[in-house]
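Inspection log for the structure reproduced underneath, given as structure tokens.
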Amino acid sequence: MNSRVIAERTVPKKIKKTPIVVSIINLKGGVGKTTIAALLARYAAKKGLKVLAVDIDPQSNLSQALMTEREYSEFMENGEASIVELLNDYKPPSQQRASPTSIRASQVEKQVGYDEDFHLIPSRFDFSDNLIESVKPDARALARFISKRMRKKDIILIDCAPTESILTRTAYHASRYILVPVRTEFFSTIGFPLLKNSLDKFRSKNPAQAIDVCGVLINNCESTASPRGPHHQTAWDDIHEQAKKYEWPIMKNEMFLSRGYPKLMQESFPSHTGNAEPEFRRISDEFLAMLGLG
């Protein structure tokens, strides 16, 4: 199925101009979702779109991918506002503040690089402890924040944890679409039924919200220079079979093994990245076309 057909299936022809929110999730770890989230965000920004990336994974990998090591260290050391404060809807008292204070968008969103239209809401390492040891956050907090304070963005990408939790529901409440990364490996589709059941359960409890899988992105373990081996071919076939069963469109372009992706995550498409840069440009162009942003 090509991107034009996918776009016609998933994106209405007439829609009020609001940010398009996409959660990148698979309830199976190790599928490359953070790499994909970071690169899609960087590429959309390079295309001139107003981008917000949201790190809702307690591992904080997206934050570290989009911030320099120094920026992330200073962010942690200074106790700056993060997704934790956003979900709790306040900043607690500190050495500088004698009482809780409300959260402003400017406090929680960090500019990525020199692009004034590219921002990140970062996560931090004590995220899990904060959620476990305190009152659980309102699953609609992120959706409300976006609806009130992020209306000027074109696209918002949410990097999710690979587990079913209140964080998953938080992402769902904010999202119109879901992008599902998957790798061609043993048990490649083990997360598909978990995600399908999770989405079905969410839809049953929130019938007024539209939320759909806009695409499945295959992240291969082999390089473009080598043919797909029997193991990968079997997994590839299984992915297509399961996606067809759930009526999830599969993206035409795929990712292949490349040492250039870590470089692309840290910088905005530098040189010496091999096939990674042109390969991911095709993926990003297809993705944005699916959403009507191409």
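The values are calculated or read from the model by the stated rules, or taken from the named source; none is laboratory data. The structure displayed is predicted, hence computed values, not measured ones. Because the Cβ atoms are built from the backbone with ideal geometry, glycine has one as well, and the counts that use them run over all protein chains shown. The protein model used for the area step is the full one, side chains on, heavy atoms only, and it has no ligands, DNA or RNA in it. Shrake-Rupley method; radii C 1.70, N 1.55, O 1.52, S 1.80 Å.
Things worth noting here:
- Of residues in the stretch 3-24 being of a type in the set (A, V, I, L, M, F, W, C) and at pLDDT 95 or above, the one most open to solvent (accessible area, probe 1.4 Å): ILE20
- Residue count, the stretch 262-294 (criterion: of a type in the set (Ser, Thr, Tyr), at pLDDT below 80 and surrounded by 17 or more Cβ atoms within 10 Å (Cβ to Cβ)): 1
- Whichever residue in the stretch 144-176 is under 16 Å from PHE202 (Cβ atoms) and under 11 Å from the mean Cα position of the chain (by Cα) and, among such residues, is surrounded by the fewest Cβ atoms within 10 Å (Cβ to Cβ): ALA161
Matching residues to (1) in a loop (DSSP other than H, G, I, E, B); (2) within 14 Å of LYS110 (Cα to Cα); (3) open to solvent by 10 Å² or more (accessible area, probe 1.4 Å); (4) among the basic types (Lys, Arg):
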| position | (1), (2), (3), (4) |
| --- | --- |
| ASN26 | yes, no, no, no |
| ILE36 | no, no, no, no |
| ASP57 | yes, no, no, no |
| SER63 | no, yes, no, no |
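- Comparison of GLU71, GLU85, GLU80 shows that the only residue that is acidic (Asp, Glu), part of a helix (DSSP H, G or I) and more than 28 Å from LEU293 (Cβ to Cβ) is GLU85.
- Check on LYS148, modelled with pLDDT under 90 and either closer than 18 Å to SER123 by Cα or not polar (S, T, N, Q) (or both): yes
- Whichever residue in the stretch 33-89 is of a type in the set (Asp, Glu) and under 19 Å from the mean Cα position of the chain (by Cα) and, among such residues, is farthest from VAL112 (Cα to Cα): ASP57
- For the stretch 108-136, the set of residues classified as at pLDDT 85 or above and either loosely packed, with under 11 Cβ neighbours inside 10 Å or not in a loop (DSSP other than H, G, I, E, B) (or both) consists of VAL108, LYS110, GLN111, TYR114, GLU116, PHE118, HIS119, LEU120, ILE121, listed by residue number.
- Applying the set (1) modelled with pLDDT of 90 or more; (2) more than 30 Å from GLY32 (Cβ to Cβ) to ILE83 leaves exactly one unmet item: (2).
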